[in-house]
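Structure incoming, see below.
The values are calculated or read from the model by the stated rules, or taken from the named source; none is laboratory data. Bear in mind the structure is a predicted one, so any value in this text is a computation, not a measurement. Please note: Cβ atoms are built from the backbone with ideal geometry, for glycine as well, and neighbour counts cover all protein chains shown. Ligands, DNA and RNA are excluded from the accessible area calculation, which covers all protein heavy atoms including side chains. Shrake-Rupley method; radii C 1.70, N 1.55, O 1.52, S 1.80 Å.
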Amino acid sequence: MAKNMNNFDKETNRFNISSLKWNVKENELPMWVADMDFLCPDAIYQALLERLNNKTYGYSIIPDSLYDSYMNFYRDRHHLSFAKENMLFSSGVIPSTSSIIRRITAPGENIILMTPVYNIFFNSIVNNGRFISEVPLKYENYKYDIDFCLLEEKLAEYRTNLLILCNPHNPIGKIWSKEELAKIATLAKKHNVYVISDEIHCDLTNPNKEYVPFFNSCSEAKEIGISLISPTKSFNLAGLQTSMIIVFNQYLYNKINRGINNDEIAEPNFLACVATEVAYNQCRDYLDDLRKYIFSNREIVKNYFEQHIKEIQLIDGEATYLLWIDCSQITHKNSKLLAQHIRNTTGLYLSEGSQYGSCGKTFLRMNIATQKFRVLDGLERLKEGIRSYKES
Ligand SMILES: Cc1ncc(COP(=O)(O)O)c(C=O)c1O
């Protein structure tokens, strides 16, 4: 069989399937939520079809082969080893995050976020009656770094016992180094703070770069860390609701295990394990091709901005298909107005940066996990939207 079954240029039509991303007008172009427009790997489609053909759709167990697929994939791909005893199935990274917050922190306590960061973390904290303790990342010359002095100050506050880390970091696309992760883990341990490391974007790195699992940073990480992993971003399976919690500390494992069962998020739907196993066991080539495609899209955008939209600056990301765009030369107030203007005048739907924390308020986020012709269309629309915004 020819190797290149993965034609990421192939146009997909996601209208009329109740897609969240494509719940837009016909002339609009959605480049917002983290969801890809590509066909999933053929092997996953075939396995799902085979399962559907059985025509019985009752309750499912979690087979040992699911745990094996995670263990083998993470060992081979990310040099991270864990055992079945360290793993807990959950129906999503955010359901896990919210459940863990409820189990290992108390109402009124602080949870640290390094902002700008994935917006739904804010909801998980606030909706559970906890407070956000914000540690804005330092931003200089279009680069982000951790403000370790401020981080330690916040970790030391007596009402703080959890930090949520995004590794790699959505929306800035940064891969944290082993040293940075080890410093976070050591400081967290020193101040008795647990760390959730959301690693959902870990497979989608620049083809020449690898992420560092939080657990591989230093020995303290295994004492205080909880990693959340999933094939849903990497293979576009978010609608199947499948993820894994990895935890080495037995006390935490027991607490989290009770929490997710209590919250009824510990059981899979009948397709979740089927798709995950095939993804991890058989679709590694797909992932390699996908990374190349996404990073060539990133290059297209970078060159386009340099040539045609000089007033905006693309932040140099090494992971994710989400681009973080500095629009401070165009808007000092709030990119919400800019995003609304672009959508109203051109139909291009981007995410406005203030969703990711107030330090994101002059940014836009653009999802480039789509066919190249759509990326080019999006760029034309963006250029036009910015031109007319400046004149308005
Ligand atoms: C950093 C991050 N975590 C979690 C999620 C959502 O995970 P799930 O669908 O498993 O709840 C997303 C989706 O965009 C994300 O970007």
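Those residues that are charged (D, E, K, R) and either crowded, with 24+ Cβ neighbours inside 10 Å or under 13 Å from GLY173 (Cβ atoms) (or both), I need them from segment 356-370; list them, please.
Matches in segment 356-370: ARG365 only.
OK, next. What pairs come out if I take residues in segment 152-170 that are in contact (Cβ under 8 Å) with a residue 60 or more places away in the chain and pair them with residues that are more than 16 Å from the ligand (Cβ to nearest atom) and open to solvent by less than 30 Å² (accessible area, probe 1.4 Å) whose C-beta lies under 9 Å away, six or more apart or interchain?
Partner pairs satisfying both residue conditions: LEU162/ILE104; LEU162/THR105; LEU162/ASN110; LEU162/ARG130; LEU162/VAL193.
Go through the residues of segment 182-198 one by one and say whether even a single one is open to solvent by less than 40 Å² (accessible area, probe 1.4 Å), within 18 Å of THR97 (Cβ to Cβ), of a type outside the set (A, V, I, L, M) and modelled with pLDDT of 95 or more.
Taking every residue of segment 182-198 in turn, at least one turns out to be open to solvent by less than 40 Å² (accessible area, probe 1.4 Å), within 18 Å of THR97 (Cβ to Cβ), of a type outside the set (A, V, I, L, M) and modelled with pLDDT of 95 or more.
Moving to a separate point now. In segment 228-256, what residues are crowded, with 24+ Cβ neighbours inside 10 Å and farther than 19 Å from ALA279 by Cβ?
Of everything in segment 228-256, just one residue is crowded, with 24+ Cβ neighbours inside 10 Å and farther than 19 Å from ALA279 by Cβ, namely VAL247.
When both residues are 6+ apart or on different chains and their Cβ atoms are under 6 Å apart, which pairs have a first residue that lies in segment 119-138 and is within 18 Å of TRP324 (Cα to Cα) and among the hydrophobic types (A, V, I, L, M, F, W, C), and a second that is within 16 Å of the ligand (Cβ to nearest atom) and in a helix (DSSP H, G or I)?
Once the first residue is within 18 Å of TRP324 (Cα to Cα) and among the hydrophobic types (A, V, I, L, M, F, W, C) and sits in segment 119-138, its partners that are within 16 Å of the ligand (Cβ to nearest atom) and in a helix (DSSP H, G or I) give ILE120/ILE94.
While we're looking at this one, here's another question. Provide a single number: the residues in segment 342-382 that are within 22 Å of LYS233 (Cα to Cα), touching a helix residue (DSSP H, G or I) at 6+ places or on another chain (Cβ under 6 Å) and not aliphatic (A, V, I, L, M).
Within segment 342-382, residues that are within 22 Å of LYS233 (Cα to Cα), touching a helix residue (DSSP H, G or I) at 6+ places or on another chain (Cβ under 6 Å) and not aliphatic (A, V, I, L, M) number 3.
Now for a separate question. Look at segment 213-253 and say how many of its residues are away from the ligand (no atom under 11 Å from the Cβ), closer than 16 Å to ASN170 by Cα and in contact (Cβ under 8 Å) with a residue 40 or more places away in the chain.
Matching residues across segment 213-253 total 3.
Output the qualifying pairs, or none if there are none: Cβ atoms under 7 angstrom, residues six or more apart or on different chains, first residue in segment 196-207 and among the β-branched types (Val, Ile, Thr), second residue assigned to a loop (DSSP other than H, G, I, E, B) and at pLDDT below 95.
Note: no pairs meet the criteria.
Looking at segment 163-179 only, could you name the residues that are open to solvent by 10 Å² or more (accessible area, probe 1.4 Å) and either hydroxyl-bearing (Ser, Thr, Tyr) or within 11 Å of the ligand (Cβ to nearest atom) (or both)?
SER177
Which condition breaks for GLU318 when tested against (1) in contact with a Leu (Cβ under 6 Å, 6 or more places away or on another chain); (2) within 16 Å of the ligand (Cβ to nearest atom)?
Among (1) in contact with a Leu (Cβ under 6 Å, 6 or more places away or on another chain); (2) within 16 Å of the ligand (Cβ to nearest atom), GLU318 violates only (1).
Tell me the strands (runs of 3 or more DSSP E) entirely within segment 181-264 that contain at least 3 residues that are among the hydrophobic types (A, V, I, L, M, F, W, C) and touching a helix residue (DSSP H, G or I) at 6+ places or on another chain (Cβ under 8 Å).
225-229, 243-247
Being within 14 Å of the chain's Cα centre (by Cα) and buried (at least 22 other Cβ atoms within 10 Å of the Cβ), is that true of even one residue in segment 219-227?
Yes, there is a match, as at least one residue in segment 219-227 is within 14 Å of the chain's Cα centre (by Cα) and buried (at least 22 other Cβ atoms within 10 Å of the Cβ).
Which residue pairs have Cβ atoms under 6 Å apart, sit 6 or more places apart or on different chains, and have a first residue in segment 358-386 that is touching a residue at least 60 places away in the same chain (Cβ under 8 Å) and a second that is among the small types (Gly, Ala, Ser) and open to solvent by 10 Å² or more (accessible area, probe 1.4 Å)?
Here the result reads GLY360/SER354, each pair linking segment 358-386 to a residue that is among the small types (Gly, Ala, Ser) and open to solvent by 10 Å² or more (accessible area, probe 1.4 Å).
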